[in-house]
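All remarks here apply to the structure that follows.
The values are calculated or read from the model by the stated rules, or taken from the named source; none is laboratory data. Everything quoted here is computed from the prediction, not taken from an experiment. Here the Cβ is made from the backbone with ideal geometry for all residues, glycine too, and neighbour counts use every protein chain on show. Protein only, heavy atoms only, side chains kept; ligands, DNA and RNA dropped before computing areas. Shrake-Rupley method; radii C 1.70, N 1.55, O 1.52, S 1.80 Å.
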Amino acid sequence: MASKCIVSHLHLYPHLSLHSAIPHQHPNFSRLPPTNLSLPVKFKASFPKRCIIFVPRASSSSSGQSSVGKKFYEFDPHPTLTNDDLKPTRPSQRNYHWKQMARHWVGLVVGVPAYYMAGSLVELGMAWWQGIATVVAANMILLVPLVLTGHPGTKYGISFPVLARSSFGIRGAHVPTSLSALVCCGWYGIESWIGGEAIYLFLPNSIKQSSFSQPLPWLGTSPLEFACFIAFWLVQLVAVLKGMEGVKAFQKYAAPTLIMLTSFLLIWAYVKAAGLGHLLNMSSRLSSSEFWSLFFPSLTANISFWTTIALNIPDFTRFAKTQRDQIIGQAGLPIFMGLFTFVGLAVTSSTQVIFGHVISNPIHLLGQIGGLTTMILAILGISLATMATNIAANVVAPANALVNLYPSKLTYRTGALLSALFCVAFQPWRLLKSSESFVYTWLVGYSALLGPIGGIVLADYYLIRQTKLSLKDLYSLSPEGAYYYCGGFNLAALAALVIGILPVIPGFLQKVGIVSSVSDAFVVIYNNAWFFSFFSAGLLYWILASLSFERETK
């Protein structure tokens, strides 16, 4: 039984339907929309019933508009798989046009981590144009999975935890959503720490020079900085608990304000440094071989920068009016990142002229500028940028993931609160202690977890299902459901996930110092962790699914 379960649970192809073969056994069959289903000449039905489920081709519109209307409400979803936060969005809830999607990305891009990323590339030795080219190239690459993953969100009105059920199984979806949620919680902590640094900047020098500002070895930071972190964490909760409507309202005002504050910072650097000639004259400190050894992990890190939201983008595109809106609205990401990277590099390079040394952290820079007005603007600007990014990118995903675990007991508000609590455990002050730990340990490291998830989800949705999903079965625990697989788990997807991650582990262990050395092959794999895990897991999953289908139709 176990061997049969492993080999043949992957009947993912939409060409077959057990439901179409035996319609009288399908619950609520009379209420299902008509589908164009056909059986092949050869059909085998002597398999373990709980592990062999053929997938029906869900009827859907071919246009850019959502195919979800009243159909979801014509059947009864299982109560343990849905609540108000996990239901498909109704047409009346589709109020995101392309301008709002673009504002969403502006609010995400204009923030301290993106600025810090830009400065880190120059700090590590790149020329200004090399840094910008690396960032733009990474975001152009990332735009492809962003738009592709956003498609089912707009078409079916479903969030990422629900979409993951189609590829990983009704219960197996908890694995990818939990991994993504953990990374989001880590980012939540990083952003909250940045907000706490803005509060610390505003404190009087007498308090900063007290014994409370001395670092504690066991904590890794000072009690005063930790208290500022908690203070910002608490203030942020007010906005976090307002839900998606709060996110939309917040981004409406955050984006233009952030653009204005960023422009002021660029003008200040231009005036104080007497132009941008110092930036344009900044050359690379790297040899050709050193540049390429830095370029690929930096490219991976920049892709990893947005991989959490690239996975969870259906959480937002489910509110888009049409596919056109979600595509055009996201198409500006490389442009936004390129422009903001230029600002970050221009201001960072200006600090060498103005202060005599490079200051890549904008919070430290604002502290050096001084002045009451500057500090007030700094706190407001950094807090706004941090909250705009944090609420949209790092709260919605883990909150939805937790709701997906216990829909009958948890809501978005409780999920958001639990996510906020988890973020403290990541000790973000350690992740931000240096450019190398931020870029090569944190960003590159977690890309090995999220890369294979994205590859599997896209391979399943486009190559296996050809964008056709059965909305009813996404909310069903019936063993005859299309996504029940083997006890609710798609073992092929889980196997592809593990195999996609394993080769990256040696390089990660070497990077964090657990092992002293590994072979050059593992170093190369780690430096390209997202690319390797994304394509290897997606390809393996596609092969397993294809072999399983061919085996059972002979």
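Using a 1.4 Å probe on the protein heavy atoms, what percent of the accessible area of region 79-432 belongs to carbon and sulfur? Ligands and nucleic acids excluded, carbon and sulfur reach 68 percent. Ordering 161-170, 513-522 by mean Cβ neighbour count within 10 Å, with the highest value first, yields 161-170, 513-522. In region 79-432, one over the average inverse separation of all distinct C-alpha pairs is 21.0 Å, which is the Kirkwood hydrodynamic radius. Relative to one another, the C-alpha centroids of region 280-331 and region 170-184 are positioned 22 Å apart. The distance from the alpha carbon centre of region 417-462 to that of region 103-137 is 18 Å, rounded to a whole number.
Using the average count of surrounding beta-carbon atoms within 10 Å as a protection proxy, the listed peptides 307-316, 213-222, 324-333, 101-110 rank, highest first, as 307-316, 101-110, 324-333, 213-222. Residue pairs exceeding 30 angstrom between C-alpha atoms, taken from Lys99/Lys468; Lys87/Lys511; Lys208/Lys272; Lys409/Lys472: Lys87/Lys511. Normalised by the number of residues in region 79-432, the average gap of Cα pairs under 8 Å and 6 or more apart makes the relative contact order 43 percent.
Backbone geometry of region 123-134 corresponds, through the Karplus equation with coefficients 6.51, -1.76 and 1.60 at θ = phi - 60°, to 3J(HN,Hα) couplings of 4, 7, x, 6, 6, 4, 6, 5, x, 5, 4, 5 Hz, x marking Gly and Pro. Taking all protein chains together and rolling a 1.4 Å probe, Glu123 ends up with roughly 90 Å² accessible. Just check region 449-554 against the gyration tensor rule for me: Cα atoms, a ≥ b ≥ c as the square roots of the eigenvalues, rounded for a/c under 1.5, and otherwise prolate or oblate depending on whether a/b exceeds b/c. Prolate shape, in that a/c is at least 1.5 and a/b is the bigger ratio. Less than 5 angstrom separates the built amide H of Cys486 from those of Leu491, all sequence-distant by 5 or more or on a different chain. The heavy atoms of Trp292 present about 130 square angstrom of accessible area, all protein chains included, probe 1.4 Å.
Each eigenvalue of the Cα gyration tensor of region 408-448, multiplied by 5 and square-rooted, gives one semi-axis; in descending order these are 28, 12, 6 Å. Got a number for carbon plus sulfur as a percent of region 441-554's accessible area, 1.4 Å probe? Ligands and nucleic acids excluded, carbon and sulfur reach 71 percent.
Ordering of 444-450, 405-411, 338-344 by packing is 444-450, 338-344, 405-411, highest average first (other Cβ atoms within 10 Å, averaged per residue). Annotation: amide H-H contacts under 5 Å for Gly169 (H modelled 1.01 Å from N, sequence separation of 5 or more, or interchain): Asn490. Relative intensity of region 504-547 on a log10 scale, I(q)/I(0) at q = 0.13, 0.19 Å⁻¹, equals -0.36, -0.60, per a Debye sum over C-alpha point scatterers of equal strength in the absence of solvent.
If you look at the Cα atoms of region 118-194, you get an Rg and a Dmax of 17.1, 48 Å.
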